[in-house]
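Asks: Below is the structure I would like to discuss, written out as structure tokens.
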Amino acid sequence: MPVVHVNGIQLHYEEAGEGEPVVMIQGTGAGGTVWQLHQVPALTAAGFRVITLDNRGIPPTSECPGGFTLQDMVGDVAGLIEHLGIGPCRVVGTSLGAFVTQELALARPDLVRQAVLIATRGRTDALRAAITRAEIELHDAGVEIPVRYAAVVRALKSLSPRTLDDGAAMADWLDLFELSPAAGPGQRAQMELSTLGHRLEAYRGIRVPCQVIAFADDLITPAHLAREVADAIPGAEYELIEGCGHYGYLEDPATVNKVMVEFLTGAAAR
């Protein structure tokens, strides 16, 4: 189990494949293993060396229960890239991981060759702020929610109507969500970072080639907010994938992997 001391924490990461490196960053509450079902096989088949990591807050990486900032998470990824000696490299992030990726591209362009921003945004609107605050208040209240109820709410927030209406698929998703661990102190700290400040003007300074992938049915990071990020970053490519919610990279991995690999191996890669 590779663990490296960077930026004041113990950071766990995994590697697969050979070739030019791609670092992948997950979202709130998720570990790097989530990428291994669909994205890691697609990228290794395309000739990449893929590095996945568990963000601070997610064991076995340090939980940092006292809290942390988005810039701390940016520093973690920068430290890992420098430790491995792979910069500048390609970086892929989804949701909170996309926030980290775009901030890394802005602050340390020397470490980022290309960036893929999945299910991202550059500001927090009223509904997204309310959702985050409500989830934090529920967590802090210490209420023990039945696991099936929590699974259903997660499905409604994260999946598309197409998936929600598929009985067989939903049975599998609900079983998976029920097995997910409860939010610990590190995940609670990650929740706070979901209320991203207004960063669109700053992102006009990003000079790294970027691709923004949005999902048409995404409730958590809706497509129009992702489009704002693509419009702010000079030259950024924008891909809208229909029939997917926030977990679109798991709902329709074939389409997501196709557009991502095409970007990472296309003209922007040279």
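The values are calculated or read from the model by the stated rules, or taken from the named source; none is laboratory data. Because the structure is a prediction, the values reported are computed rather than measured. Every residue, glycine as well, gets a Cβ built from its backbone with ideal geometry; the counts of neighbours run over all protein chains shown. To get the accessible areas, we keep the full protein, side chains included, count just its heavy atoms, and leave off ligands, DNA and RNA. Shrake-Rupley method; radii C 1.70, N 1.55, O 1.52, S 1.80 Å.
Asks: For segment 104-242, just the Cα set please: Rg and Dmax, both in angstrom.
Replies: So, for segment 104-242, Rg and Dmax equal 17.0, 47 Å respectively.
Asks: Could you point to the residue in Pro41, Gly97, Gly122 farthest towards the positive end of segment 1-128's charge dipole, with +1 and -1 charges on the Cβ of Lys/Arg and Asp/Glu respectively?
Replies: Gly122
Asks: Could you give each residue of segment 143-158 its phi-based ³J(HN,Hα) in whole Hz, using Karplus coefficients 6.51, -1.76, 1.60 with θ = phi - 60°, and x for Gly or Pro?
Replies: 6, 8, 8, x, 5, 5, 4, 4, 5, 5, 4, 5, 4, 4, 6, 10
Asks: Have a look at segment 92-174 and give its Rg and Dmax from the Cα atoms, expressed in angstrom.
Replies: Both quantities, over Cα of segment 92-174: 16.7, 47 Å.
Asks: For the chain, modelled as a Gaussian network with Cα springs under 10 Å, which listed residue fluctuates most, Gly85, Gly186, Gly75?
Replies: Gly85
Asks: Then there's this: Can you compute log10 of I(q)/I(0) for segment 13-90 with the Debye formula, treating each Cα as one identical point scatterer, at q = 0.22, 0.24 Å⁻¹?
Replies: Rounded to two decimals, the profile gives -1.02, -1.16.
Asks: Here's another thing I want to ask about it. If you count, for each residue, the other Cβ atoms within 10 Å and average over each peptide, how do 164-175, 198-209 line up from highest to lowest?
Replies: By packing density, highest mean first, the sequence is 198-209, 164-175.
Asks: Now a separate question. Could you list log10 I(q)/I(0) for the chain at q = 0.07, 0.11, 0.14 Å⁻¹, which the Debye formula gives when each Cα is one point scatterer?
Replies: -0.22, -0.57, -0.96
Asks: Can you run the Rg to Rh ratio on segment 1-159? Use alpha carbon positions and the Kirkwood inverse-distance Rh.
Replies: Reported Rg/Rh, Kirkwood definition of Rh: 0.98.
Asks: So which GluC sites (Glu not before Pro) in segment 1-101 are both in a DSSP loop and have at most 12 other Cβ atoms within 10 Å of their Cβ?
Replies: The qualifying sites are Glu18.
Asks: In whole Å and largest first, what semi-axes does the C-alpha gyration tensor of segment 64-130 yield when each eigenvalue is scaled by 5 and square-rooted?
Replies: Sorted largest first and rounded, they come to 23, 15, 8 Å.
Asks: If you project the alpha carbons of segment 164-270 onto their three principal axes, what span does each projection cover, largest first, in Å?
Replies: Principal-axis extents of the Cα atoms in segment 164-270, largest first: 42, 33, 23 Å.
Asks: OK, next. Can you run phi through the Karplus equation (6.51, -1.76, 1.60; θ = phi - 60°) for segment 221-226 and list ³J(HN,Hα) in whole Hz, with x for Gly and Pro?
Replies: In residue order, the calculated couplings are 10, x, 4, 5, 6, 5 Hz.
Asks: May I pose another question? Would you mind checking which residues have amide H under 5 Å from Gln211's amide H? H placed 1.01 Å from N; only 5 or more apart, or other chain.
Replies: Ala115, Val116, Leu117, Glu237
Asks: In terms of solvent-accessible area of protein heavy atoms at a 1.4 angstrom probe, what is the ranking of Ile220, Ile213, highest value first?
Replies: Ile220, Ile213
Asks: Return an integer: the convex hull volume of the alpha-carbon atoms of segment 217-270, in Å³ per residue.
Replies: 72
Asks: Then there's this: Determine the calculated [θ] at 222 nm for the chain from helices alone, applying -39500 (n - 2.57) to every DSSP H run no shorter than 4 residues and normalising by the residue count; nearest 500 deg cm²/dmol.
Replies: -13000 deg cm²/dmol, from helical runs alone.
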